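To start, the structure under review is shown below, and the notes come after it.
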Amino acid sequence: MLSVQDLNVYYGSIHALKGVSLEVNEGEIVTLIGANGAGKSTLLKTLSGLLKPKEGSIHYLGNPINGKPAQSIVKMGVSQVPEGRRVFADMTVEENIELGAYLRKDKAEIDKDLKKVYSIFPRLYERRKQTAGTLSGGEQQMLAMGRAIMARPKLLLLDEPSMGLAPLMVKTIFETVKDISEAGTTILLVEQNAHIALSIADRGYVIETGRVILSGTAAELQASEEVKNAYLGGH
Ligand code: ATP
């Protein structure tokens, strides 16, 4: 579904991605694991069209998408939940969710998807009239995910959904990621929390200072000494 080949991305003279290649097959949850500054967000921004690679190719459903504007990539079915959530604090929860459908015109289907988001996240339904800035961190993460679902993505890009959340909330969010996957959305999950990411992923890649240094099935990565020592706290 998504094929990334030899991607090189720079910020001025900083070489942030150094020949990154990866594949995401339809129906999979693939995780990209890495520490702070490894290049995870840079990769997601490049995939969603916010950054232009200097070299390399990105194919989505067989079509090259590098260099395409972010809006056309969203229209093709790729939707991103950015790091740090970025909800519109002064708008209501419902207005924030509806924004996710801004490129769509099918009103009846949009209403159906809104109901779907509320059934996945009953908490958002309870708080639909509240301004988004008053939500807790975990609720804002749900809101950002709900907004992304409204774009009807075939491929969902998640940037560190566990960041800043209490363990119980992380568990809830990841169970929901699994549900979204089982309902037919392919997922690329970027995480620092290797333990939880590998617990729901089919496969994973480990990125260090802009390079993929390891890849394999989730079970292989969980068993790898390198991953255990560097990302699973030696367990
Ligand atoms: P984190 O988990 O901390 O967000 P990350 O793996 O997502 O880390 P990136 O944000 O992709 O890392 O950053 C990769 C590298 O590129 C880092 O060295 C970072 O300092 C650098 N970088 C990121 N954004 C910019 C920018 N706008 N200008 C210059 N350098 C940048």
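The values are calculated or read from the model by the stated rules, or taken from the named source; none is laboratory data. The structure displayed is predicted, hence computed values, not measured ones. Cβ: placed from backbone, ideal geometry, glycine included. Neighbour counts: every protein chain shown. Ligands, DNA and RNA are stripped out before the accessible areas are found, and what is left, the full protein with its side chains, is counted by its heavy atoms. Shrake-Rupley method; radii C 1.70, N 1.55, O 1.52, S 1.80 Å.
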Problem - Rounded accessible area of I110 (nearest 10 Å², 1.4 Å probe) - result: 30 Å²
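Heavy atoms only, probe 1.4 angstrom, no DNA, RNA or ligands counted: give me M76, M142 ranked by accessible area, highest first.
Working: M76 50, M142 10 Å².
These residues rank, largest area first, as M76, M142.
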Completion exercise
Given all pairs of distinct Cα atoms, the chain yields a Kirkwood Rh in Å of 18.0 Å
Handout entry: Efficiency of FRET from Cβ geometry, I14 and A183, R₀ 41 Å, rounded to 0.05
Key = 0.60
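Out of the trypsin sites (Lys or Arg not before Pro) in region 1-78, which ones are loop residues according to DSSP with at most 13 other C-beta atoms within 10 Å?
On the way: sites: K18, K40, K45, K54, K75; in loops: K54.
Qualifying residues, ordered by number: K54.
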Completion exercise
For K129, counting only lysines whose alpha-carbon sits under 30 Å away and dropping same-chain residues fewer than eight positions off, the answer is K75, K105, K107, K112, K115, K116, K154, K171, K178
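For Q71 and M163, calculate 0.36 nm times their separation in residues minus their Cα-Cα distance, and state this gained length in nm to one decimal. List each step's numbers first, then the result.
On the way: separation 92, 0.36 × 92 = 33.12 nm, distance 2.61 nm.
Roughly 30.5 nm would be gained on extension.
What percent does the relative contact order of region 109-235 come to when contacts are Cα pairs within less than 8 Å and at least six residues apart? Each step should come with its number before you reach the end.
Working: 109 pairs, mean separation 22.2, N = 127.
Relative contact order comes out at 17 percent.
How high is the FRET efficiency from E23 to L103, r the C-beta distance, R0 41 Å, rounded to 0.05? Walk me through the intermediate numbers first.
Values: r = 27 Å, r/R0 = 0.65.
That gives a FRET efficiency of 0.95.
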Problem - Whole-number accessible area per residue in Å² for the chain, which is evaluated in the context of all protein chains at 1.4 Å - result: 46 Å²
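In whole percent, what relative contact order does region 124-191 give with Cα contacts below 8 Å and a gap of six or more residues? Write down the numbers at each step before the final one.
Values: 47 pairs, mean separation 26.4, N = 68.
Dividing the mean separation by the residue count of region 124-191 yields 39 percent.
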Handout entry: Distance (nanometres) between label positions extended 7 Å along Cα→Cβ at K171 and E208
Key = 3.2 nm
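Using a 1.4 Å probe over the heavy atoms of the protein chains, calculate the carbon and sulfur portion of the accessible area of the chain as a whole percent. Write down the numbers at each step before the final one.
On the way: 5640 of 10850 Å².
The C+S portion of the solvent-accessible surface of the chain is 52 percent.
Ordering I14, I97 by accessible area with a probe of 1.4 Å, largest first, what comes out? The partial results should precede the final answer.
Values: I14 105, I97 0 Å².
Reading off the accessible areas and sorting them downward yields I14, I97.
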Fill in the blank from the handout: Computed about the Cα centre, the charge dipole of region 88-235 from +1 Lys/Arg and -1 Asp/Glu charges at the Cβ has a magnitude in debye, to the nearest 20, of 440 debye
Exercise for the section: Report the accessible area of D179, computed with a 1.4 Å probe over the heavy atoms of all protein chains in place, in Å² rounded to the nearest 10. Expected result: 90 Å²
Handout entry: Where a label projected 7 Å from the Cα of T92 along Cα→Cβ would reach, residues of region 126-142 with amide N under 20 Å
Key = 126-136, 139-142
Practice task
Output the relative contact order of the chain, whole-number percent, from Cα pairs under 8 angstrom with separation of 6+ residues.
Solution key: 27 percent
